[in-house]
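Contents: one structure, followed by commentary.
Derivation of every value follows stated rules applied to the coordinates shown; laboratory data play no part. Note that the structure is a prediction, hence the values are computed from the model and not measured. Virtual Cβ from ideal backbone geometry, glycine too; neighbours counted across all protein chains shown.
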Amino acid sequence: MRKSFIVLFFLFSARLFAQNLNPEYFDKIVFNSDFKSSRDLKLWPIANDEDEIMIISNGQYLIERKNNTKDRFIFPNWQNPYPNYELSVNLTLEKLVFPYQVAGVCFQFNSSLTDGLILEFNKSKQFRIRKINENGIISYLTGSTPNNSWKKCNYLLMKGELNDLNILVNGNKIEIYINNYFIYSFENESNFNLRNFGLFVGKSSQITFQKIQLLVNHKEYGKYDYLLSIKDVKEPEVTADTNTQKNDVKKEADTLTEKPNQTTGSSDNKELTEALALIVRLKKDLSTKEKELETQKQLLEKCKNDNLSLNAFIESNLDNKTLNRITELEKENNKLKDQLQKLKTENATLQDFKTFYLNQNKDKDIINFLYDELKKLEEKNASLSRQVEMLQNQLKNLKK
């Protein structure tokens with residue numbers, strides 16, 4: 001427990017002593033852009049072309065740099081008149097996935113936006129600070145070469161989480177905080193005109209900003225309002241001056257016009273190798289998926305053929321059942337026709353009997369008539385019986 005307390009004490013002390021400027025000193029907001037109002041559309045450029053996409057939507061400023069040969073500086077349509085200030089920026093870095101992709105902010109730029117500082121981040125949770133002058137010459141404040149100028153920053157959040165960046169400027173003293181952690185401080189040349197800020201997106205890179213504020217001390221508020229003016233947004237051209245640069249600086253300037261698949265340094269080469277290996281694996285996976293897709297297509301075609309055969313079988317069986325049913329119905333129809341014919345014959349007989357009855361017995365009841373007719377038939381039957389008996393007796397006599 002005591003050891004833990006000592007470690008925490010030294011960590012707190014290191015952070016405390018590293019901090020010379022008090023963030024609470026800057027307590028008055030003079031610039032606020034949360035990308036939720038129509039005013040933001042006037043402050044920041046919008047684009048959607050072959051070089052880049054810059055969109056303001058749902059409280060976010062999405063910037064995607066398609067151009068793979070040139071970095072992009074984006075300045076608001078507003079000039080900062082205050083020499084001492086705090087720049088507060090909310091940004092998301094999850095789209096930085098390759099070693100050559102970088103993004104961040106620029107600050108301490110002159111009024112012509114050709115001379116200033118660039119704070120940039122990469123996917124490896126690293127940052128560095130570059131300085132660009134009016135001639136486009138690059139130098140480094142966090143190192144001496146393009147490679148050793150990268151500094152580790154474990155406080156950076158990369159998986160879609162929001163980062164709070166704060167840059168404090170007071171005279172020639174500058175301190176940088178990320179997510180409320182102090183990460184770097186330095187002294188810059190004291191120049192009254194170096195005060196403008198903006199956004200930075202490297203070639204083939206993408207970043208999202210959610211809120212940008214500039215704060216000053218309330219005692220200085222309004223003191224420099226006479227310097228405020230609306231301006232046209234410019235983008236500084238980055239060129240290399242081979243006559244004045246050192247070799248390592250010249251290499252970095254040259255990389256500003258290189259394609260994104262070109263890297264410098266062993267660490268970058270290692271990351272590039274890993275990226276290429278990942279691409280090879282993805283190609284293999286893609287080939288496997290294509291084979292699986294082809295197999296699925298063949299199975300689908302087989303299912304279609306089976307379905308056609310099944311439909312033909314069903315139609316065939318349906319036709320046979322229909323024919324059998326038709327045959328049965330025809331038999332029933334013929335049977336009904338026979339019955340109808342019998343009924344017609346019986347009806348004709350009854351009609352003849354009715355006619356005979358009406359002609360012979362117009363005034364007699366039909367029941368009495370039938371009774372009389374029945375008696376006649378019985379008498380006739382008795383007579384026939386007697387005749388049969390007589391004939392049988394004669395037949396017996398003849399046999400004797």
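Just want the ordering: Val97, Val280, Val89, from fewest to most Cβ atoms lying within 10 Å of their own Cβ.
Numbers: Val97 13, Val280 10, Val89 22.
Ranked by crowding around the Cβ, least crowded first: Val280, Val97, Val89.
Given 37 °C and 0.692 mPa s, how large is the Stokes-Einstein diffusion coefficient of the range 265-360 in µm²/s, with Rh as the Kirkwood radius over Cα pairs?
On the way: Rh = 21.9 Å.
The estimated diffusion coefficient comes to 150 µm²/s.
Counting other beta carbons within 10 Å of each residue's own, what order do Ser38, Ser204, Ser144, Ser88 fall into, fewest first?
Working: Ser38 7, Ser204 18, Ser144 12, Ser88 21.
So the residues, fewest neighbours to most, are Ser38, Ser144, Ser204, Ser88.
Translational diffusion coefficient of the range 106-186 at 20 °C, 1.002 mPa s, Stokes-Einstein with Kirkwood Rh over Cα pairs, in µm²/s as a whole number.
Details: Rh = 13.5 Å.
Estimated via Stokes-Einstein, D reaches 158 µm²/s.
Measuring from label point to label point, each 7 Å out along Cα→Cβ, what is the Arg39 to Ser287 span in nm?
For the pair Arg39/Ser287, the computed spacing is 5.8 nm.
Please report Lys223, Lys396 as a ranked list, fewest other C-beta atoms within 10 angstrom at the top and most at the bottom. Please list the in-between numbers first.
Values: Lys223 13, Lys396 9.
By the 10 Å Cβ count, ascending, the order reads Lys396, Lys223.
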